Protein chains: 2
Amino acid sequence: MRVSYGVFENNSFNRMKIALLSPIAWRTPPARYGPWEQVASNITEGLVEKGLEVTLFATGNSQTKAELQYVSETAYAEDADLDAKIWECLHISHLMEQASRFDIIHNHFDFLPLTYSRLIDTPIVTTIHGFSSPDILPVYKKYNDNAYYVSISNSDRSPELDYIATVYNGINPDDFTFNLRSDNYLLFFGRIHPEKGTDEAVRIARKAGRRLIISGLIQDEIYFREKVKPFVDGGTVIYVGNSGPAERDKLLGGAYALLHPISFEEPFGLSVAEAMMCGTPVIAFNKGSMPELIDNAKSGFLVDTVDEAAEAVNRVDSLNRSYCREWSLSNFSREKMINGYLDVYKKVLDKGVRLNEFPAKYPGV
Amino acid sequence: MRVSYGVFENNSFNRMKIALLSPIAWRTPPARYGPWEQVASNITEGLVEKGLEVTLFATGNSQTKAELQYVSETAYAEDADLDAKIWECLHISHLMEQASRFDIIHNHFDFLPLTYSRLIDTPIVTTIHGFSSPDILPVYKKYNDNAYYVSISNSDRSPELDYIATVYNGINPDDFTFNLRSDNYLLFFGRIHPEKGTDEAVRIARKAGRRLIISGLIQDEIYFREKVKPFVDGGTVIYVGNSGPAERDKLLGGAYALLHPISFEEPFGLSVAEAMMCGTPVIAFNKGSMPELIDNAKSGFLVDTVDEAAEAVNRVDSLNRSYCREWSLSNFSREKMINGYLDVYKKVLDKGVRLNEFPAKYPGV
């Protein structure tokens, strides 16, 4: 069945109605930590600027130029009174019950919304922000045939799923000031957790003989206490806590380089794109999406060990901070991401595919 | 809109198609502990015997004469590899996606299925097996206007919800052998948990100078270790573990009395009905559903303290074990429960109420 939505006729998007489903662990956009909410916000505001009719489903205290719909005023990671399991399903069903109002539902809420998808007619585009656990794959596999999955990097694709596109996360360049002349510190920016390599960042900085500033949410208390805190001396290693947008801009832009010595297959590194947007090169362990995010030897260095990373710090002067900005602008700007998602929406709607029909996967796409 | 289903025409149920949604924490029926799965099983098998076309949604290793549908072979409380959150939503959606095959969905799965209810046309009858937490009330309240809630005792009704009926849990009399002459031990039968009063049962038995046998799943390890285990001596206080059906029948039937000194508003006490079905009187703290379950001074005693309970043990000889059986047969038999639910189904279908129409609550019911 071909359904004419007309939303793309005459290159006009203004009749397209999009529902953005954000998580409710944090406010959208988050005050500090909250990457999924941050990306959902970036997409929402970008689509509003393009003139689309956007409804954001998020917490009530969220900030948006879109229509805001919510069931819970606050976020469950910020409000101990809220039981996540209860408010998640109320949040999701609140949208699903209004599904017919929308041409597209864009899901940033992981797997649970998929289990409602065959009960409604509106197609759901699901951005998979990484597989929190291999255990969730059965849900994605079950809905593979009538879902539109978007990967946030090619590296994060599961061979068991079909994807309609890879759309890199995009950030608003206005939020990240280009800084041609950096300060001399190295920066670790992200969750304090073994998989993010805070410990390794400390060792790299010590080996390279440079100051390290650490900013991020302490997600693993024991790790912080045992592996990081002993080195925090307020001079060569400084921990500044979890940073909001203004401090983030200042820290990223001032850094000589961002250290990103991850030990997991990270699906996307938002802080990597953000650092480069400020002109700051990134020295990262060569895992997950890093080869897609970093233009090796141009916007940073891909390395495999602490020693290699420390050595790479000595080569940072060979990089061009203006190029880092340009690279991030061309690949990870909000504009680029929005255009990527508009292409996805267009593919879904042009085919006139309705979810309940179990189409052959993306015919002709 | 009045929809004629015809299923009750000529007093014939044989065209009615019922889907029973059981939890998947345990097998249905459970091998040992698992009261919700037990009740779902009792209803399923009872409806099958009445000639209805029943489909049971439960774990794959469940046992039933109904059609069995499942997504997970095993139960998550019995299989550490299963993530409850993931398999619950797959289990529920598996049913919801086939909703149109059924005249009625009978939900024993707590609140999550309600959030799918407005997306399907088939009415959902929800048996509320107790409120696991006051936090779940918002979900029940949201769906109050298009749900059919059944309470398992009048005492368990929330003043904030509407109910279509109270249907007491029913058990199969064949599973509980009537025993006119008991042994001389007192019995505690249930979860080892402060709210079930295992500790109090020990104190009552000691005060009454009788042996106590304890059977049940240890749900609170620390409580068991500190408050119960010190008294377990294999003689005056015996812990026999968690009992399956055959041992349960023997333990309940042989008991001089069942002690049920609960400290919470228990919505229904399955073991209370089961004990009486064997002819065994029950001495219970007067809370929750106990005044509905026990015919005071005839099938047991309602008391308020350990001292009163110990004193009541001395009056057990004044009770008639045959009357206990009769009382349980008339109020808590599977037959009685099945007829109660058939009445509920009839009310729902006769009204021709479809969920999506948001009817005035139970007009004329």
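The values are calculated or read from the model by the stated rules, or taken from the named source; none is laboratory data. All figures in this text were calculated on a predicted structure; none of them were measured in a lab. For neighbour counting, all protein chains shown are included, and Cβ atoms are generated from backbone atoms with ideal geometry for every residue, glycine included. Surface accessibility is based on the protein's heavy atoms, side chains included, excluding ligands, DNA and RNA. Shrake-Rupley method; radii C 1.70, N 1.55, O 1.52, S 1.80 Å.
Just a few scattered comments:
- Residue list for the range B:63-104, filter: within 23 Å of B:E49 (Cα to Cα), of a type outside the set (S, T, Y) and either away from every other protein chain (no Cβ under 13 Å) or not in a helix (DSSP H, G or I) (or both): B:Q63, B:K65, B:A66, B:E67, B:L68, B:Q69, B:R101, B:F102, B:D103, B:I104
- Of all residues in the range B:279-321 being within 14 Å of B:H260 (Cβ to Cβ) and touching a Cys at 6+ places or on another chain (Cβ under 6 Å), the one that is surrounded by the fewest Cβ atoms within 10 Å (Cβ to Cβ): B:S299
- Qualifying residue in the range B:171-185 (condition: open to solvent by less than 70 Å² (accessible area, probe 1.4 Å), under 22 Å from B:Y345 (Cα atoms) and of a type outside the set (D, E)): yes
- In the set A:K141, A:K196, only one residue is farther than 26 Å from A:A284 by Cβ, at pLDDT 95 or above and open to solvent by 10 Å² or more (accessible area, probe 1.4 Å); that residue is A:K141.
- For the range A:135-166, the candidate set comprises residues that are basic (K, R) and over 21 Å from A:G288 (Cβ atoms); within that set, the residue that is farthest from the other protein chains (Cβ to nearest Cβ) is A:K141.
- Residue check, B:V3 more than 26 Å from B:Y168 (Cβ to Cβ), β-branched (V, I, T) and at pLDDT 95 or above: no
- The conditions of being closer than 17 Å to A:D174 by Cβ and either open to solvent by less than 10 Å² (accessible area, probe 1.4 Å) or in contact with a helix residue (DSSP H, G or I) (Cβ under 7 Å, 6 or more places away or on another chain) (or both) are met by A:M337.
- Within the range B:339-359, being acidic (D, E) and modelled with pLDDT under 95 holds for B:D350, B:E357.
- Considering the range B:217-233, and only residues there that are out of contact with any Lys or Arg (no Cβ under 8 Å at 6 or more places or on another chain) and farther than 12 Å from B:H193 by Cα, the residue that is least open to solvent (accessible area, probe 1.4 Å) turns out to be B:V232.
- Search result, residues across the range A:13-65 that are within 16 Å of the chain's Cα centre (by Cα) and among the charged types (D, E, K, R): A:R27, A:R32, A:E37, A:E45
- Among residues of the range A:105-114 being touching a Leu at 6+ places or on another chain (Cβ under 7 Å) and open to solvent by less than 10 Å² (accessible area, probe 1.4 Å), the one that is nearest to the other protein chains (Cβ to nearest Cβ) is A:P113.
- Considering the range A:115-134, and only residues there that are assigned to a loop (DSSP other than H, G, I, E, B) and more than 19 Å from the chain's Cα centre (by Cα), the residue that is farthest from the other protein chains (Cβ to nearest Cβ) turns out to be A:P123.
- Within the option set A:I204, A:I222, being of a type in the set (A, V, I, L, M), over 19 Å from A:R32 (Cβ atoms) and without any contact (Cβ under 8 Å) to a residue 24 or more places away in the chain holds for one residue only, A:I222.
- The range A:123-136, residues that are open to solvent by 10 Å² or more (accessible area, probe 1.4 Å) and either under 24 Å from A:T44 (Cβ atoms) or touching a residue at least 24 places away in the same chain (Cβ under 8 Å) (or both): A:H129, A:F131, A:S132
- So B:V54, is it touching a Leu at 6+ places or on another chain (Cβ under 7 Å) and within 14 Å of chain A (Cβ to nearest Cβ): no
- Tally of residues being more than 21 Å from B:T305 (Cα to Cα) and open to solvent by 10 Å² or more (accessible area, probe 1.4 Å) across the range B:255-273: 1
- Residue in the range B:92-103 that is open to solvent by 10 Å² or more (accessible area, probe 1.4 Å) and touching a strand residue (DSSP E or B) at 6+ places or on another chain (Cβ under 6 Å) present: yes
- Residue within the range B:37-51 that is over 25 Å from B:E274 (Cβ atoms), open to solvent by less than 20 Å² (accessible area, probe 1.4 Å) and away from every other protein chain (no Cβ under 14 Å) present: no
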